[in-house]
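One structure is given here, and the rest of the page talks about it.
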């Protein structure tokens with residue numbers, strides 16, 4: 001899935017590598033940082049890791065990020081201090097705070113200091129992705145974040161798809177499904193992999209539930225050159241058939 | 001205070017007797033002085049004339065003894081052992097030469113003060129001892145004493161009344177200060193550990209100083225334990241987050257069905273434990289805040305709107321529509337953190353139990369009464385359990401397969417109760433559960 005927030009700030013569609021989102025993860029726990037990074041790389045994101053606020057400052061001065069994931073308790077200070085400085089320098093890179101505290105006590109503080117959102121550890125990556133999408137949607141407004149292929153114009157941040165001039169608002173699961181497929185045309189996805197991405201872990205859904213969403217997407221793509229092919233017993237694949 | 005008044009009473013009595021006693025002494029010594037002078041003047045009048053003792057009692061000897069009460073005077077004069085003149089039954093005590101002794105005895109049924117003195121006259125080859133006893137009744141003396149006693153009693157009563165008044169004033173002044181201090185300790189909010197700054201009387205300064213130092217220590221240990229809880233949560237949640245992220249990453253790479261199932265179970269267990277830990281902490285904090293409710297003026301619409309905005313991404317993940325209908329403004333006086341947490345728990349439930357593509361309706365109204373409602377489009381509450389669901393750790397019989405700790409509704413109910421309201425659970429006629437927070 002890569003790219004929930006794929007192609008943000010970049011004209012996407014030609015080179016898949018280009019559309020990857022670039023995250024800065026500021027987290028002092030090496031193990032957790034490795035775990036988050038490896039999970040996010042699966043989605044095709046680029047993620048750089050700073051272990052403390054000093055490194056983080058050096059990173060944002062030399063490189064540009066689409067989003068910063070910021071831990072609060074860091075060895076050389078409080079993440080919120082960093083946030084305040086960051087905002088004072090009028091850096092508008094969205095920041096999502098990773099907090100291990102109770103949500104009640106940190107809520108007001110972190111949002112008041114200019115964080116765009118926060119997730120409580122341990123977090124669901126799908127939720128992080130959803131929050132990331134929401135933050136980027138708020139921040140970016142109507143930016144050029146579209147993917148154009150096979151007669152389809154797809155805006156993953158806004159959740160819009162235009163086929164032959166007709167624009168449809170995608171439901172969230174349709175959007176995430178299309179995102180996965182469109183970012184890897186020709187690649188086969190098994191039903192269970194797709195289901196893992198669409199449904200939360202506390203939902204007991206049969207793998208066949210995915211068929212509903214495949215059906216809906218097919219309807220949206222009906223008059224385009226993109227076709228979703230069923231490989232019986234294996235899964236689905238997005239094909240470009242002019 | 002009663003100790004104070006009792007003490008004053010004893011003090012007053014002591015004072016009374018002390019005054020009376022010294023008055024008796026003063027009056028007695030005045031009488032004694034006159035009696036002594038009188039006796040001396042009688043003795044001085046004694047002369048030996050041709051070997052015969054002659055005493056011409058001066059007029060003044062008796063006139064100096066006259067009193068306004070017409071006290072009676074008795075006397076007796078002896079030459080050696082021979083009675084010369086006066087009252088022969090007046091007992092005369094033996095005394096040394098030129099020495100005056102005084103004694104109070106009963107004579108003719110009355111108390112009298114008897115003065116005795118003697119003098120040795122020396123004639124031709126002859127020594128004659130003259131002894132004189134002079135007695136006076138004590139009517140004037142006791143009259144004076146009564147007068148003094150009366151005055152003393154009046155004075156002592158006045159002293160007692162004044163002292164009682166003073167003790168009333170002093171106690172109420174100190175107790176009043178103490179009460180005010182007590183009130184300001186009682187009325188304090190749970191977070192308020194600042195020192196007391198009200199002006200206090202000098203006498204209570206040590207108390208206030210030691211109270212303030214207690215406050216400072218309490219504040220220190222409280223902030224330490226808050227830090228400790230935050231640190232503990234951090235220590236627990238961080239490894240959980242590590243496990244969860246690795247599990248999710250592994251799930252992407254694993255194909256075998258049993259393995260996938262195992263990993264999914266792992267993730268669910270992690271979610272369950274972190275959610276339970278979070279809610280237990282929340283519940284503890286809510287119980288504490290509810291016990292010391294601090295109301296502030298808030299707009300419920302803004303508060304709930306913020307919450308709905310935050311939860312929208314979660315709703316979207318399930319293709320759920322989260323709809324908020326509100327009056328324009330619903331001003332209310334309450335604890336925003338408590339209310340938001342209560343509604344958050346209701347919303348978490350609604351999002352969890354709603355099927356995909358469903359709708360969750362949230363409404364905030366000011367009329368007919370202030371209420372916040374959360375209604376979903378799920379299976380609804382089991383009718384038979386509507387009354388017991390808000391009990392701690394109880395979960396609906398149809399909650400199988402969803403993650404929960406069973407504390408959500410309890411938290412919402414506690415918050416409602418703390419604000420003097422209630423939590424109403426019902427099912428919509430068209431299906432779906434409804435939770436109403438009445439404030």
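The values are calculated or read from the model by the stated rules, or taken from the named source; none is laboratory data. Quick caveat: nothing in here was measured; it's all calculated off a predicted structure. Neighbour counts run over all protein chains shown; Cβ positions are idealised from the backbone, glycine included.
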Looking at residue A:185 and the list (1) crowded, with 18+ Cβ neighbours inside 10 Å; (2) more than 14 Å from chain B (Cβ to nearest Cβ); (3) outside any strand (DSSP E or B), which single condition is not satisfied? (1)
Scanning segment B:245-274 residue by residue, those under 25 Å from residue B:346 (Cα atoms) and within 7 Å of another protein chain (Cβ to nearest Cβ) turn out to be B:267, B:268, B:270, B:271, B:274
Please state which one of B:284, B:277 is within 13 Å of chain A (Cβ to nearest Cβ), surrounded by fewer than 17 Cβ atoms within 10 Å (Cβ to Cβ) and within 44 Å of the chain's Cα centre (by Cα). B:284
Within segment A:201-209, identify whether any single residue is within 13 Å of another protein chain (Cβ to nearest Cβ), assigned to a helix (DSSP H, G or I) and surrounded by fewer than 21 Cβ atoms within 10 Å (Cβ to Cβ), and answer yes or no. yes
Could you list, in sequence order, the residues of segment B:88-106 that are over 20 Å from residue B:27 (Cα atoms), modelled with pLDDT of 85 or more and crowded, with 16+ Cβ neighbours inside 10 Å? none
Please count how many residues of segment B:391-416 are out of contact with any strand residue (DSSP E or B) (no Cβ under 8 Å at 6 or more places or on another chain) and modelled with pLDDT of 65 or more. 7
Give me the residue from segment B:324-361 that is in contact with a strand residue (DSSP E or B) (Cβ under 9 Å, 6 or more places away or on another chain) and part of a loop (DSSP other than H, G, I, E, B) and, out of that set, farthest from the other protein chains (Cβ to nearest Cβ). B:327
Test each condition in (1) more than 20 Å from residue A:168 (Cβ to Cβ); (2) at pLDDT below 80; (3) more than 9 Å from every other protein chain (Cβ to nearest Cβ) for residue A:103 and report the one that comes out false. (3)
Out of all the residues in segment B:178-190, is one or more surrounded by 11 or more Cβ atoms within 10 Å (Cβ to Cβ), under 30 Å from residue B:27 (Cβ atoms) and touching a helix residue (DSSP H, G or I) at 6+ places or on another chain (Cβ under 8 Å)? no
Just one of (1) in contact with a helix residue (DSSP H, G or I) (Cβ under 6 Å, 6 or more places away or on another chain); (2) modelled with pLDDT of 85 or more trips up residue B:69, so point out which. (2)
Residue under question is residue B:300, and the condition is that it be at pLDDT 90 or above, crowded, with 20+ Cβ neighbours inside 10 Å and either touching a helix residue (DSSP H, G or I) at 6+ places or on another chain (Cβ under 8 Å) or not assigned by TED's automatic domain parsing to the domain that holds residue B:412 (or both); does it hold? yes
Residues that are touching a helix residue (DSSP H, G or I) at 6+ places or on another chain (Cβ under 6 Å), free of Cβ contacts under 8 Å to residues at least 12 places away in the same chain and not in a helix (DSSP H, G or I): does segment B:253-266 have at least one? yes
Condition broken by residue B:324, with the remaining ones in (1) touching a helix residue (DSSP H, G or I) at 6+ places or on another chain (Cβ under 8 Å); (2) at positive phi satisfied: (2)
If residue A:168 meets every condition in (1) touching a helix residue (DSSP H, G or I) at 6+ places or on another chain (Cβ under 9 Å); (2) modelled with pLDDT of 85 or more; (3) over 30 Å from residue B:339 (Cα atoms); (4) buried (at least 16 other Cβ atoms within 10 Å of the Cβ) apart from one, which number is that one? (4)
For segment A:153-177 the number of residues that are within 13 Å of chain B (Cβ to nearest Cβ) and without any contact (Cβ under 8 Å) to a residue 12 or more places away in the chain is 1
Residue set B:61, B:22; condition assigned by TED's automatic domain parsing to the domain that holds residue B:119, without any contact (Cβ under 8 Å) to a residue 12 or more places away in the chain and in a helix (DSSP H, G or I); output residue B:22
Every listed condition ((1) at pLDDT 90 or above; (2) assigned by TED's automatic domain parsing to the domain that holds residue B:375; (3) closer than 30 Å to residue A:194 by Cβ) holds for residue B:317 save (1)
All but one of (1) in contact with a strand residue (DSSP E or B) (Cβ under 8 Å, 6 or more places away or on another chain); (2) within 7 Å of another protein chain (Cβ to nearest Cβ) hold for residue B:242, so report the exception by its number. (1)
Would you check if there is a residue in segment A:72-92 being under 16 Å from the mean Cα position of the chain (by Cα), in a strand (DSSP E or B), modelled with pLDDT of 80 or more and crowded, with 17+ Cβ neighbours inside 10 Å? no
Could you check segment B:86-125 and list, in sequence order, the residues that are in a loop (DSSP other than H, G, I, E, B) and either closer than 19 Å to residue B:57 by Cα or outside the structural domain of residue B:53 (by TED's automatic domain parsing) (or both)? B:87, B:88, B:90, B:92, B:98, B:100
Among the residues that make up segment A:49-59, is at least one of them buried (at least 22 other Cβ atoms within 10 Å of the Cβ) and either within 14 Å of chain B (Cβ to nearest Cβ) or in contact (Cβ under 8 Å) with a residue 60 or more places away in the chain (or both)? no
Hey, does segment B:166-173 have a residue that's over 14 Å from the mean Cα position of the chain (by Cα), under 22 Å from residue B:8 (Cβ atoms), surrounded by 12 or more Cβ atoms within 10 Å (Cβ to Cβ) and at pLDDT 90 or above? no
